[in-house]
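In what follows, a structure is listed as structure tokens, so that the remarks can point back to it.
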Amino acid sequence: MIKIWDGWVRLFHWSLVALVLLLFVSGKTGAGFYEWHKLAGEAVLALLLFRLLWGIFGSDNAKLHRLITNPVHGLKHIWHLITGTVSHYRGHNPAGGWAVIIMLLLLLFQAVTGVFIADEDELVEGAFYGALSYDLSDTLWYLHTLNGSTLLPGMLLLHILMPLFYYLRAKQNLILPMLTGNMAWRDESVAPLVRFAPWWVGALLLMCSSLLMGWIMRWF
């Protein structure tokens with residue numbers, strides 16, 4: 001067994017899963033849950049800010065520049081996956097890296113548009129609702145709704161189905177390493193070295209992200 005993911009990547013991942021689930025449920029349930037929807041969206045922004053900082057100062061395989069590779073490599077990886085000849089990666093593979101980038105951008109778009117709009121009855125308003133013109137806010141509401149009902153669910157479904165496909169085609173369990181941080185390395189090649197950042201760096205970045213986003217969103 002070798003270490004794949006540090007604790008902060010795993011905490012970010014599962015916290016984001018919980019918040020996105022809360023966002024979908026509260027967004028579909030009705031006006032009584034819109035306040036929860038608003039708070040969850042702002043918490044997502046804090047998490048995304050943390051992930052940005054961790055992608056700069058964190059562990060090697062969490063670095064953002066590691067996620068962005070030549071798109072051709074991503075396509076080749078998908079082909080290798082289909083043919084069952086995919087290699088192991090001590091982190092995100094070329095296709096997975098792009099999937100993560102797209103997912104984070106969709107979530108960022110959803111969360112940012114959310115702070116400038118209100119629900120249909122204007123009972124719950126985003127932190128900066130009223131800062132833009134009514135027409136622009138109305139357009140953002142439409143885009144927020146469109147993204148939340150098409151692109152974002154589609155990307156989430158892909159994230160759910162791909163680990164299953166990996167397990168069936170390549171016999172790689174991608175879920176367990178995100179839970180435990182470790183995986184069995186069965187590749188013939190030697191596992192690449194990865195520098196894992198100290199835990200206190202993540203704690204400091206999470207605290208700074210939460211405080212900064214709390215100040216911006218007027219939590220205190």
**OP:** Determine which single condition Trp5 fails, assuming it passes every other condition in (1) exposed (fewer than 13 other Cβ atoms within 10 Å of the Cβ); (2) not in a helix (DSSP H, G or I).
**Re:** (1)
Original post:
Does Leu176 count as free of Cβ contacts under 8 Å to residues at least 24 places away in the same chain and either surrounded by fewer than 16 Cβ atoms within 10 Å (Cβ to Cβ) or in contact with a helix residue (DSSP H, G or I) (Cβ under 7 Å, 6 or more places away or on another chain) (or both)?
Top reply: yes
**OP:** Only residues that are part of a helix (DSSP H, G or I), over 25 Å from Leu212 (Cα atoms) and of a type in the set (Val, Ile, Thr): list them for segment 24-78, please.
**Re:** Val25, Thr29, Val72, Ile78
Original post:
If a residue has to be outside any loop (DSSP other than H, G, I, E, B) and under 18 Å from the mean Cα position of the chain (by Cα) to count, how many in segment 115-159 make the cut?
Top reply: 13
Original post:
Quick check, is Ser26 within 18 Å of the chain's Cα centre (by Cα) and among the polar types (S, T, N, Q)?
Top reply: no
**OP:** Tell me which residues, restricted to segment 79-98, are surrounded by 14 or more Cβ atoms within 10 Å (Cβ to Cβ) and in contact with a helix residue (DSSP H, G or I) (Cβ under 7 Å, 6 or more places away or on another chain).
**Re:** Leu81, Val86, Arg90, Gly91, His92, Asn93, Pro94, Ala95, Gly97, Trp98
Original post:
What do you reckon, is Ser137 small (Gly, Ala, Ser) and in contact (Cβ under 8 Å) with a residue 60 or more places away in the chain?
Top reply: no
Original post:
Give me the pairs: first residue in segment 1-23 and free of Cβ contacts under 8 Å to residues at least 40 places away in the same chain, second residue of a type in the set (A, V, I, L, M, F, W, C) and surrounded by fewer than 21 Cβ atoms within 10 Å (Cβ to Cβ), beta-carbon distance under 8 Å, and six or more apart or on different chains, which are they?
Top reply: Leu22/Trp36
Subject >> Test result for Ala197, within 22 Å of Arg51 (Cβ to Cβ) and outside any helix (DSSP H, G or I) >> reply: yes
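Every read-out reported here was derived from the displayed coordinates using simple, explicitly stated rules and does not represent laboratory data. What you are looking at is a predicted structure, and each value in this text was computed from that prediction instead of being measured. We place every Cβ from the backbone using ideal geometry, glycine too, and count neighbours over all the protein chains shown.
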